[in-house]
Amino acid sequence: MEKICLVRKPVDNYPRLEIIGRPSVKYPEYPFTDISDENNQVYQMVREGLYCLQMDIENYGTPKWNPFGSFIKSGNCVLVKPNLVLDENVNGCGVECLYTQPSVVAPIIDYIRIALKGRGKIIIGDAPLQECDFEKLIRQSGYDALIDYYQDKGVNIELIDFRNVKTYE
């Protein structure tokens, strides 16, 4: 049986890039000590979605909660494919609509890390449009800071551009 979950809250913007997707609550399963002093509803909503999908429901609310543990095993290599499309909006509008926000990906990485139990690898990768300046996209979106954060924590993680063809002006 497939499950679908929708978590909706009145959030008018994403957390600042400086907090790199850290939760504002010390959840029992949270693997780090870094807690944001800025309210991070995005982290809370991702976590709530995993709960609503009844992932490892018997351990929810305890340090043992491992929502991805039934399909990610210690030592696996896990690919996370966010939607990284383009580095600039040709219409002159903002660029936030052109990629999945790192604040949405950060809790997913945290729960993957829990499932990997300190062994294995996480790859964040995508194939943006050919004309995308990938380095600019990851810099302005905050993915570079996100990857640096986890690498500094000893997580085996990397960011990969999967494109075979790139167009430059």
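Where a number appears in this text, it was derived from the coordinates with a stated rule and is not lab data. Predicted, not measured: the structure shown is a model, and the values here were computed from it. Here the Cβ is made from the backbone with ideal geometry for all residues, glycine too, and neighbour counts use every protein chain on show.
Compute all pairwise cysteine Cβ distances in the chain, then list the cysteines with no distance under 4.7 Å to another cysteine.
Result for the chain is C77, C93, C97, C132, no neighbouring Cys Cβ within the cutoff.
Binning every alpha carbon pair distance of the stretch 1-77 at 10 Å from zero, what are the percents per bin?
17, 43, 35, 6
Please report, in cubic angstrom per residue, the volume enclosed by the convex hull of the alpha-carbon atoms of the stretch 1-154.
Here the figure is 135 Å³ per residue.
How high is the relative contact order of the chain, in percent, with contacts defined as C-alpha pairs under 8 Å that are six or more residues apart?
23 percent
State which entries of K81/K117; K26/K117; K9/K64; K64/K136 exceed 31 angstrom in Cα-Cα distance in the structure shown.
With Cα atoms farther than 31 Å apart: K64/K136.
In the neighborhood of G94, defined by Cβ-to-Cβ distances under 14 Å, what is the net charge if each Lys or Arg adds +1 and each Asp or Glu adds -1?
In short, -4.
Pop a pseudo-label 7 angstrom from the Cα along the beta-carbon direction at both E135 and E158 and give the gap in nm to one decimal.
1.8 nm
Take peptides 60-72, 5-17 and line them up by average Cβ neighbours within 10 Å, highest first, as a rough protection proxy.
Result, highest mean first: 60-72, 5-17.
Using only the alpha carbon atoms of the stretch 48-108, find the Kirkwood hydrodynamic radius as the inverse mean reciprocal pair distance, in angstroms to one decimal.
This gives a value of 14.3 Å.
Taking only Cα atoms, what is the 0 to 90° angle, nearest 10, from helix 41-52's long axis to the longest principal axis of the chain?
Relative to the chain, helix 41-52 is tipped by roughly 50 degrees.
Once you compute Rg and the Kirkwood Rh from C-alpha atoms, what is the Rg to Rh ratio for the stretch 13-54?
0.97
Express as a percent, rounded to the nearest 5, the fraction of DSSP beta bridges in the chain (both residues included) that run antiparallel.
10 percent
To test your reading of the geometry: what angle, between 0 and 90 degrees and rounded to tens, separates the Cα axis of helix 102-116 from the longest principal axis of the chain?
50 degrees
Contact order normalised by length for the stretch 76-169, with contacts defined as Cα pairs under 8 Å and 6 or more residues apart; what percent is it?
36 percent
Over the stretch 115-160, what is the relative contact order in whole percent, taking alpha-carbon pairs under 8 Å and six or more residues apart?
Contact order relative to length: 57 percent.
Report, to the nearest 10°, how far helix 143-152 tilts away from the longest principal axis of the Cα atoms in the chain, using its own Cα long axis and a range of 0 to 90°.
50 degrees
Can you list residues from other chains, or at least 5 along the same chain, whose modelled amide H is less than 5 Å from the amide H of V80?
I123, I124, G125
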